[in-house]
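Take a look at the structure below.
The values are calculated or read from the model by the stated rules, or taken from the named source; none is laboratory data. Since this is a predicted model, take the numbers as computed values, not measurements. Reconstructed Cβ throughout: ideal geometry from the backbone, glycine too, with neighbour counts over all protein chains shown. Heavy atoms of the whole protein, side chains included, go into the accessibility calculation; ligands, DNA and RNA do not. Shrake-Rupley method; radii C 1.70, N 1.55, O 1.52, S 1.80 Å.
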Amino acid sequence: MADTSTSLDSRRRFLAQLSLGAALAAVAGAAAALPQSEPDPMKTTDSAKLGYAIVGLGKFATQQIMPNFKDCQHARITALVSGSPEKARKLAREYGVAEKSVYSYENFDSIKDNPEVDIVYIILPNGLHAEYTIRAARAGKHVLCEKPMATSVEDCQKMIDACNKAGKKLMIAYRAHYEPFNLDAVERIRKGELGKLRAITSDHGRPVKPTEEKADVWRVDKKLAGGGSLMDIGIYALNAARYLTGEEPEEVTAQEFSDKSDPRFKEVEDNIHFTLRFPSGVLASCTSSYSYAEVKRGRAFGDKAWLDLDPLSDYYEHNLKIGDKEGKREPKLQEGNQFAAQLDHLAECVRDNKTPKTPGEEGLKDVRYIMAIYEAARKGKAVKV
Ligand code: NDP
């Protein structure tokens, strides 16, 4: 994907900052000796960070994403987009965003004239991801988009096409790909620590609350959510089965169980159990639910050992256990900041003109498998993918 002059300019800015940084490091002692009233020259590095516009100031954006920019080395918040001007202005003050860089959904397209914005991060209900990704690309911005990428394969393709046409990066926010415990598990499996991989299981569930919690209202609205628990959290099981095996499934089967008298499940599914058959013969058995008590785990079974990630997809807590005929062990691993790692990854890809680890094509694959899982559940028979 060819990048336009904006990213070259950003790159030049970055390289200039790098040499400035090296020069500053060389005179660090002298800098430390500067009188208190002198401006701190190291602070200039903030302007070398790429600017993100956050679109949709809901629960996930405000409680997880925005606070974690503090740990980013290459990314900062430079604009906000919201349908709630008061909330947006308050958050802008809190995060040091200029008032002129607060947008509504109506004037969002004028973000094209804001040189402080390099990347637009879409954190809207699923059914709005395609529209805002395409508008962002047309405005000449790179895009980070929340999972699931969109509510149809066609929309995913349109998003990829729009970003390609604009010469802009598109990355899907699969945070587990930037999370140390998951990365360690993948490495162990690839190195053969489990022997020959035979099976994966993964369960993802939480009770959805449409009436008590505002955040969940759109989640049970088919148009805005695209589907139920599978689109929202079952996607973690599906994606984990793919990155743990390193393979693409050939066939899926599925069964759905939803209490249609429950107002939450009039339009979207509650429980869906699915299996993915991979070319090596590995079978992944996954469950997804909007009525389980919270669960987010994954297991891989090899012919020598098994590996357990529980939780696998939490925001801040992960556990990895390995078991074999010698017994169980827990490798010592350090929690990382998957949110900051993900934000920095795209910023670095933009600067270095590299393809992100989780590009639009990765999001499209999952949406294609999700559609096959729904089809298998509907038809009651296996579907080839
Ligand atoms: P919320 O409902 O909390 O936030 C969505 C925000 O989108 C709203 O607050 C609102 O922001 C804006 N919005 C614009 N139009 C609508 C509309 N018609 N209905 C509802 N909201 C609207 O949802 P979440 O933050 O939980 O989820 C947002 C996205 O993030 C989803 O795609 C979800 O799948 C994803 N997500 C990802 C997670 C992860 O771990 N990667 C975890 C949780 C969510 P405003 O008032 O500013 O206009």
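With only alpha-carbon pairs counted, each pair once and no self-pairs, how large is the Kirkwood hydrodynamic radius of region 254-361 in angstroms? Don't skip to the answer; put the middle values down first.
On the way: mean 1/r = 0.0567 Å⁻¹.
So the Kirkwood estimate lands at 17.6 Å.
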- [ ] Specify the angular offset, from 0 to 90 degrees and rounded to the nearest 10, of the alpha carbon long axis of helix 85-95 from the longest principal axis of the alpha carbons in the chain.
- [x] 70
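When the accessible area of the chain is computed with all protein chains present and a 1.4 Å probe, what percentage of it is carbon and sulfur?
Details: 9290 of 17750 Å².
Using a 1.4 Å probe with all protein chains present, the chain comes out at 52 percent carbon and sulfur.
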Open item on the list: Given bins 10 angstrom wide, list per bin the percent of all Cα-Cα distances in region 234-279, short to long.
Closed with: 25, 41, 24, 10
Task: Mean separation of Cα contacts under 8 Å, 6 or more apart, over the residue count of the chain: relative contact order % - done: 19
Open item on the list: Can you pull out the GluC sites (Glu not before Pro) in region 323-385 whose DSSP state is coil and whose Cβ has at most 16 other Cβ atoms within 10 Å?
Closed with: 326, 335
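Rounded to two decimals, what is Rg over Rh for the chain when you use alpha-carbon atoms and the Kirkwood radius?
Details: Rg = 22.2 Å, Rh = 22.2 Å.
That ratio equals 1.00.
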Task: Listed pairs 191/354; 266/379; 141/357 exceeding 21 Å between Cα atoms - done: 191/354
Task: Within a Gaussian network of the chain (alpha carbon springs, distance under 10 Å), most fluctuating of 280, 261, 202 - done: 261
- [ ] Heavy atoms only, probe 1.4 angstrom, no DNA, RNA or ligands counted: give me 264, 198, 242 ranked by accessible area, highest first.
- [x] 198, 264, 242
Open item on the list: Give me the extension gain from residue 255 to residue 47: residue separation times 0.36 nm, minus the current Cα-Cα distance, reported in nm with one decimal.
Closed with: 69.7 nm
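Between residue 86 and residue 379, what's the calculated FRET efficiency when r is the beta-carbon distance and R0 is 35 Å? Round to 0.05.
Working: r = 48 Å, r/R0 = 1.38.
Once rounded, the FRET efficiency stands at 0.15.
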Open item on the list: Which one, 128, 230, 144, has the greatest fluctuation when you compute a Gaussian network model over the chain with C-alpha springs under 10 angstrom?
Closed with: 128
Task: Spatial extent of region 279-329: Rg and Dmax, with the Cα atoms as the point set, Å - done: 13.1, 38
Open item on the list: Can you compute the helix-only [θ] at 222 nm over the chain? Use -39500 (n - 2.57) per DSSP H run of at least 4 residues, normalise by all residues, nearest 500 deg cm²/dmol.
Closed with: -10000 deg cm²/dmol
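Starting from the Cα gyration tensor of region 140-193, multiply each eigenvalue by 5, take the square root, and state the resulting semi-axes largest first in whole Å.
On the way: eigenvalues 174, 31, 21 Å².
Semi-axes, largest first: 29, 12, 10 Å.
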Open item on the list: Please compute the Kirkwood hydrodynamic radius of region 57-168 from all pairs of different C-alpha atoms, in Å with one decimal.
Closed with: 14.4
Open item on the list: Starting from 0.36 nm per residue, how many nanometres of slack lie between residue 158 and residue 95 once their C-alpha separation is accounted for?
Closed with: 19.4 nm
TODO: Just tell me which aspartates and glutamates come within less than 19 Å, Cα to Cα, of residue 90; anything on the same chain fewer than 8 places away is out.
DONE: 99
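Which of the GluC sites (Glu not before Pro) found in region 65-126 are in a DSSP loop and have at most 15 neighbouring Cβ atoms, other than their own, within 10 Å?
Details: sites: 86, 94, 99, 106, 116; in loops: 106, 116.
Sparse-neighbourhood loop GluC sites (Glu not before Pro): 106.
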